[in-house]
1. Label points 7 Å out from Cα along the Cβ direction at Ala10 and Phe377: separation in nm?
2. Using a 10 angstrom Cβ neighbour count of at most 11 plus a DSSP loop assignment to flag exposed trypsin sites (Lys or Arg not before Pro), which longest range of the chain is free of such sites?
3. Report the gain in length on full extension from Phe466 to Asp443: 0.36 nm times residue separation, minus Cα-Cα distance, nm rounded to one decimal.
4. When Tyr354, Tyr166 are ordered from fewest to most other Cβ atoms inside 10 Å of their Cβ, what list results?
5. Let's test the formula: R0 of 25 Å, r as the Cβ-Cβ distance of Arg163 and Ala425. What FRET efficiency results, to the nearest 0.05?
6. Would you kindly calculate the translational diffusion coefficient of the range 218-364, applying Stokes-Einstein with the Kirkwood radius from alpha carbon pairs, for 4 °C and a viscosity of 1.567 mPa s, and quote it in µm² s⁻¹ without decimals?
7. Taking all pairs of different Cα atoms in the range 270-489, averaging 1/r and flipping that mean, what Kirkwood radius in angstroms comes out?
8. Does a label point 7 Å from the Cα of Thr455, set along Cα-to-beta-carbon, have any residues of the range 365-394 with amide nitrogen under 11 Å, and which are they?
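FYI, it's all coordinate maths here, none of it is from the lab. Keep in mind it's a predicted model, so treat the numbers as computed, not measured. Because the Cβ atoms are built from the backbone with ideal geometry, glycine has one as well, and the counts that use them run over all protein chains shown.
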Amino acid sequence: MFPSAPHTGAPLLSILIFAPLAAAAVAALVKNERALRWWTLAVTTLAAAFSLKLYCGFNPDTAGFQFVERAAWIPSLRIEYILGVDGLSLLLILLTTLLAPLCVLASWTSIKVRIREFMICLLVMESVMVGVFCALDFVLFFVFWEAMLIPMALLIGVWGGQRRIYASVKFFIYTFSGSIFLLVALIALRLRAGSFCIPDLMGRPYEPAFQCWIFAALFLSFAIKVPMIPLHTWLPAAHVEAPTAGSVILASVLLKMGTYGFIRFCLPITPYAAQAFAPAILWLSVAAILYGGLAALGQSDLKKLVAYSSVGHMGFATLGIFVLNTRGMEGAILVMINHGVTTGALFICVGILYERLHSREMGDAAGIGKYMPVFSFFLGAFCLSSLAFPGTNSFIGEFLVLCGGFARSKILVACVIPGVVICAAYMLRMLQRLAWGGTRNPDHAGLRDIGLRETLTLAPLLVFVFWIGFHPAPFLRVMHASVANLLQQAGRLP
């Protein structure tokens, strides 16, 4: 039996996974569009509140899995239904449940066709995303991993922009291709270890050659999801064509599945290969930071700018993971959470502007600060967070990653610094153009500032920007024991 904290009582994780699915089944029977919106908002809000029970009941002093649920599923193949969380997955689950009701609010007026199907897709997405972060059986993980593709592809392909079919197909082909490598690794590990239980796969003395092949398969699958360059080309198209809620889910949660895969599988299962390939991955991460920043700097389309910024920010996450020390790893997990908060908020801001201007071009939104001061306040805060201004959430995460990187290689960190400067350049450029513009701004006198619904959508994210920025200790405490255990596993040599 793998190490876990004893758990009795309600199956909290199963409730979090299957309650949105049950709500989706109910939504399929609701015909009134207004009732559909309120039903989805109520269910996702209750799920977010219910997920706080995980945080309140979590013991941060143990590295074992907690709230474990285990039952036979397919005994003949030794496949089980196993759920559990530790400090590496808890914050990602909370991020997922927090964003779900905000996606509903952000789509309140922008989605005008097939509203029932849209709300069902959101509910199914929440279920499978939480399932990915809870699953402790490799087959169960793979089922949730694959199930995510269908509703996400539908969100892009049905409710996206003019090139939505192209973006949806490209997203599906890329991510499904990566899943093939994941399936190969799954089968190979089962044949070698005789188990699909993820904790049972850790700590086994696999020979170096086998580890390298397994690591390569896992790495390709997760690198596509992150995405790491040169496997990133599906991301800008998907972001630009997706509706606001789709962009938020894609940036804030789906990309984190790739980095979560590195943490959950690559490091503890193939530690020798992780150490052997770490230098190459670190330099790929540096390249992603620089390339993502330069690509974002050249964009006039607001959604493309934020999309390319994600490539750079996720480069910080992979950098922190593969420096293989405590500061870097804890910084990487914080970067994942912070990117979900900040970039999700920026996509919501772009969606708010698009509803009013029907354009994502920076020039068409120049000078809106005079007419939309409340919106500009939120936008300014999220831009400062994205460029890692001290006092905001992103500063803490990137600072820890750089500290971890400095301990590994001073040259590596020196190469990252230009990427930090470039990030400040494109974010401040965007903020300056939108808030003040130039001497010949478009006429925005008819624009209305954000209302109560839009304020309620952005306000929770703003709270986390400054909460994590000024008091990150509760978040770091949750992950500390699990990170220490992970690095101990990653430090094993055959």
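1. Reported label-point gap for Ala10 and Phe377 is 3.6 nm.
2. 113-439
3. Length gained between Phe466 and Asp443: 4.9 nm.
4. Tyr166, Tyr354
5. Working from the Cβ atoms, E equals 0.30.
6. On the way: Rh = 15.4 Å.
Once the numbers are plugged in, D ends up at 84 µm²/s.
7. Values: mean 1/r = 0.0555 Å⁻¹.
Result for the range 270-489, one decimal place: 18.0 Å.
8. Only 374-375 pass the distance filter.
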